[in-house]
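J.: Submitted below is the structure of interest, expressed as structure tokens.
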Amino acid sequence: MIVDMPDTNTSEVTKRIVQLRESNGVITMGRVLTLVVCTLDSSEAEHAIEAANEASREHPCRVVVLARGDREAATRLDAQIRVGGDAGAAEVIVLRLQGELVNHESSVVTPFLLPDTPVVAWWPRGAPEFPSKDSVGRLAGRRITDATFASDPQAAIKRRLQSYASGDTDLAWSRITYWRALLAAAMDEPPFESVDSVTVSGLRDEPALDMLAGWLAARLDCPVHRRTGPLRVELHRPTVSIAIERPQTGRTATLTRTGEPVQRIALARRETRDCLAEDLRRLDADETYAEALAGIEKVIYE
């Protein structure tokens, strides 16, 4: 069910939610968190809602989408409520802001935060320079950015360390979860030698690879080289080299190890909805993410 409420206010939207709950049995019981999605415009909002709906099947929640409009236009709030099949396992409230309201996002969103539940803020694009100091970011215990869609993704992920606060994370980090698991498993086999050096190559504008390089630099304490080229990670030990390589748009990777047959492994690029669902599983600080950000400063860029 989708209910449109043009030129309205937060009080009227709240009342309408209560009416829907009473007349249709739509309830907020079982919602484990409030996900506030800060989008740049209405067109972007639909993509974010789709990802949030999929993630909500694992984490039932209330999704509040803030779609920024023209700051110079007359002040106006257009709302839309989505429940039932149009909202996955969530309850979606879309708030399209015009005029002065664009500068007061936290005031608009506050009435819709579920009581006694965690608040997570997500910026699919256009994340603030300091998420924890943003007006919406201050309401959230968990703040999710995505450097992948920044104008300069590599510069954006490098800046995350300067702006880091407990509770911050970036979807570039969860995009490499399977890569991290494969590399950890590959190193946990004989010979148990230290790693002399690492090479991480791929697209320059892929911040997930910068995160991967930073994680390896922080954990292995050896030279880590970041290059532009085929998507490949290679670890050099004194007697054995291990490499994982995958086509940029492929779904299957190859794992090669000195003196052993080539292995084929399923390793597709993770969708935004899967990364978002993973990040909603934990609401505490991610120390490993912070270590990987710090490790980026050790990476040798070539």
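Every number here is computed from the coordinates shown, using simple stated rules; none is lab data. All values derive from a computational prediction rather than experimental measurement. Quick reminder, even Gly has a Cβ in these numbers, built from the backbone with ideal geometry, and neighbours come from all protein chains shown.
J.: By the scheme Lys and Arg +1, Asp and Glu -1, what is the net charge of all other residues having a beta-carbon under 14 Å from that of Thr75?
T.: Every neighbour counted, the sum reads -2.
J.: Now a separate question. I need to check one value: relative contact order of the chain, counting alpha carbon pairs closer than 8 Å and at least 6 residues apart, in percent.
T.: Here the relative contact order equals 16 percent.
J.: Still on this model: Let me know the shape class of the range 217-269, please: from the alpha-carbon gyration tensor, a ≥ b ≥ c as square roots of the eigenvalues, rounded when a/c is under 1.5, otherwise prolate if a/b is greater than b/c, or oblate.
T.: oblate
J.: Looking at the chain, what % of its DSSP beta bridges pair antiparallel, to the nearest 5?
T.: 50 percent
J.: Right, something else. How high is the relative contact order of the range 249-289? Use alpha-carbon pairs under 8 Å, at least six apart in sequence, and give a whole percent.
T.: Once normalised by length, the contact order is 31 percent.
J.: Okay, moving on. Please report, to two decimal places, log10 I(q)/I(0) for the chain at q = 0.09 Å⁻¹ as given by the Debye formula with identical point scatterers on the Cα atoms and no solvent.
T.: Here the Debye-derived log intensity ratios amount to -0.50.
J.: Could you tally the net charge around Gln263, taking each other residue with its Cβ under 14 Å from the Cβ of Gln263, Lys/Arg +1 and Asp/Glu -1? Intermediate results must be reported in sequence, preceding the final value.
T.: Values: positive: Arg246, Arg257, Arg264; negative: Glu189, Glu245, Glu260.
Net of charged neighbours comes to 0.
J.: Follow-up. Treating the angle as unsigned and between 0 and 90°, give the value, to the nearest 10°, between the Cα long axis of helix 287-296 and the longest Cα principal axis of the chain.
T.: For helix 287-296, the angle is close to 60 degrees.
J.: So if we plug the beta-carbon distance of Val32 and Glu193 into 1/(1 + (r/R0)^6) with R0 = 51 Å, what FRET efficiency do we get, rounded to 0.05? All intermediate terms of the calculation are to be shown ahead of the outcome.
T.: Details: r = 44 Å, r/R0 = 0.87.
Efficiency computed from Cβ-Cβ geometry: 0.70.
J.: Return the ratio Rg/(2.2 N^0.38 Å) for the range 177-234, where Rg is computed over Cα atoms only.
T.: 1.09
J.: Follow-up question, since we're still on this one. Do the sum for the chain: with -39,500 (n - 2.57) for every DSSP H run of n ≥ 4, divided by all residues, what is the mean residue ellipticity at 222 nm, to the nearest 500 deg cm²/dmol? If you can, show how the numbers build up before the last one.
T.: On the way: 9 runs with 93 residues, N = 302.
Here the helix-only value at 222 nm equals -9000 deg cm²/dmol.
J.: Also, I was wondering about something else. If you build a Gaussian network model of the chain, linking Cα atoms that sit under 10 Å apart, which residue out of Glu291, Glu234, Glu72 swings the most?
T.: Glu72
J.: Considering only DSSP beta bridges with both partners in the range 63-172, what is the antiparallel share in %, to the nearest 5?
T.: 35 percent
J.: Please report the antiparallel percentage of DSSP beta bridges with both residues in the range 148-302, rounded to the nearest 5. Spell out each step's value before the answer.
T.: Details: 18 of 25 bridges.
That works out to approximately 70 percent antiparallel.
J.: Would you mind checking the range 94-129 for residues with the amide N under 14 Å from a putative spin-label position 7 Å along Cα→C-beta of Asp70?
T.: Once the point is set 7 Å along Cα→Cβ of Asp70, 97-100 turn out to lie under 14 Å by backbone N, inside the range 94-129.
J.: Over the Cα atoms of the range 148-267, what radius of gyration and what Dmax do you get, in Å?
T.: Just the Cα atoms of the range 148-267 yield Rg and Dmax of 14.6, 45 Å.
J.: Does anyone have the angle between helix 153-163 and the longest principal axis of the chain? Alpha-carbon axes, 0 to 90°, nearest 10?
T.: Taking the Cα atoms of the chain, the angle to 153-163 is about 80 degrees.
J.: Please find, in a Gaussian network model of the chain (springs between Cα atoms separated by less than 10 Å), the residue of Asp205, Asp41, Asp188 whose mean-square fluctuation is greatest.
T.: With Cα springs under 10 Å in the chain, the top fluctuation among Asp205, Asp41, Asp188 is at Asp188.
J.: Another question, then. Using a Gaussian network model of the chain whose springs link C-alpha atoms within less than 10 Å, name the residue from Val65, Val92, Val13 with the highest mean-square fluctuation.
T.: Val13
J.: Once you put a point 7 Å from the Cα of His225 and another 7 Å from the Cα of Gln162, both along the Cβ direction, what distance in nm separates them?
T.: A separation of 2.9 nm, rounded to one decimal place.
J.: Give the shape of the range 230-302 as rounded, prolate or oblate, defined through the alpha-carbon gyration tensor: a ≥ b ≥ c are the square roots of its eigenvalues, a/c under 1.5 means rounded, and otherwise the shape is prolate if a/b is larger than b/c and oblate if not.
T.: On the way: a/c = 2.21, a/b = 1.36, b/c = 1.63.
Taking the square roots of the gyration eigenvalues as a ≥ b ≥ c, the range 230-302 is oblate.
J.: A further question follows. If R₀ is 35 angstrom, what is the calculated FRET efficiency for the pair Glu291 and Ser43, using the beta carbon separation as r and rounding to 0.05?
T.: 0.45
J.: Another question, then. Tell me which residues come under 5 Å, amide H to amide H, from Ala73 once H is placed; ignore anything under 5 positions away on its chain.
T.: Result for Ala73 returns Gly99.
J.: Next question, about the same structure. List the equivalent ellipsoid semi-axes of the range 132-208 in whole Å, largest first, each obtained as the square root of 5λ for an eigenvalue λ of the Cα gyration tensor.
T.: Working: eigenvalues 180, 51, 23 Å².
So the three semi-axes of the range 132-208 are 30, 16, 11 Å.
J.: Regarding the range 6-125, what are the three Cα extents along the principal axes, ordered largest first, in Å?
T.: Here the spans come out as 39, 30, 26 Å, largest first.
J.: Between beta-carbons, use under 13 Å as the cut-off and find the net charge around Arg219, counting Lys and Arg +1, Asp and Glu -1.
T.: -2
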